[in-house]
């Protein structure tokens, strides 16, 4: 975590330095760094999703019930990081669009879970 | 931890950025704004070609991790 923090601060300083000479290139560096670090964060999230699936299997919950939870987690992580990157690059409307779409995608992903719950309630 | 290849990639991108920024300033100071724009454009293309592979592997990772 400390190395990641140091890396992020270093990249911000490099980007600030380069923005003196070329604003475009500093934005490109921010985007490139954001993409690489997002890849790292998602690779760490993979351990979490594996654990969620294992827990779902152990507890006997149908895996189709756990899949929407993991999907929404992924949508949230990607939406948040992408929106912040767009804000950094000065495009607030793009960030807003991404956040709205992330909410819609999350709701769509959760619908099967809602149907399952309603079916469960109906069968009681 | 962040794979060393990724950190190298970030710093290679930063090196291209610094080089383009310096050239940009030199060309602007010597009155050649169009060439400065071309230099920035060239730098942008070079960096995009460097990170396009990283973008692809990240999307693949996201799909496999979150089950899309």
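What the table shows:
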quantity	calculated
From the C-alpha gyration tensor of the range A:1-48, square roots of 5λ in Å	25, 12, 4
Potential extension, residue A:55-residue A:1 segment - 0.36 nm per residue separation minus Cα distance	16.9 nm
Euclidean distance between Cα centres, the range B:21-68 to the range A:11-25, Å	13 Å
Volume of the Cα convex hull of the range A:16-124, divided per residue and given in Å³	88 Å³
The protein assembly as shown - Debye-derived log10 I(q)/I(0), Cα point model, q = 0.09, 0.14, 0.15 Å⁻¹	-0.44, -0.87, -0.95
Residues A:29, A:100, B:28, B:51, sorted so that the one with the fewest Cβ neighbours within 10 Å comes first	A:100, B:28, B:51, A:29
Principal-axis tilt of helix A:23-58 within chain A, Cα atoms, nearest 10 degrees	20 degrees
Bins of 10 Å, starting at 0 and running to the largest distance - Cα pair percent for the range A:62-124	23, 37, 23, 13, 4, 0
Mean separation of Cα contacts under 8 Å, 6 or more apart, over the residue count of chain B: relative contact order %	29 percent
Relative contact order [Cα under 8 Å, 6+ residues apart], chain A, whole percent	19 percent
The range B:4-63 - convex hull of the alpha-carbon atoms, volume per residue in Å³	64 Å³
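Readers should treat all values here as calculations from the given coordinates under stated rules, not as data from a laboratory. In this text the structure is predicted, and so the values were computed from the model without any measurement. Glycine gets a Cβ as well: all are built from the backbone with ideal geometry, and neighbour counts include every protein chain shown.
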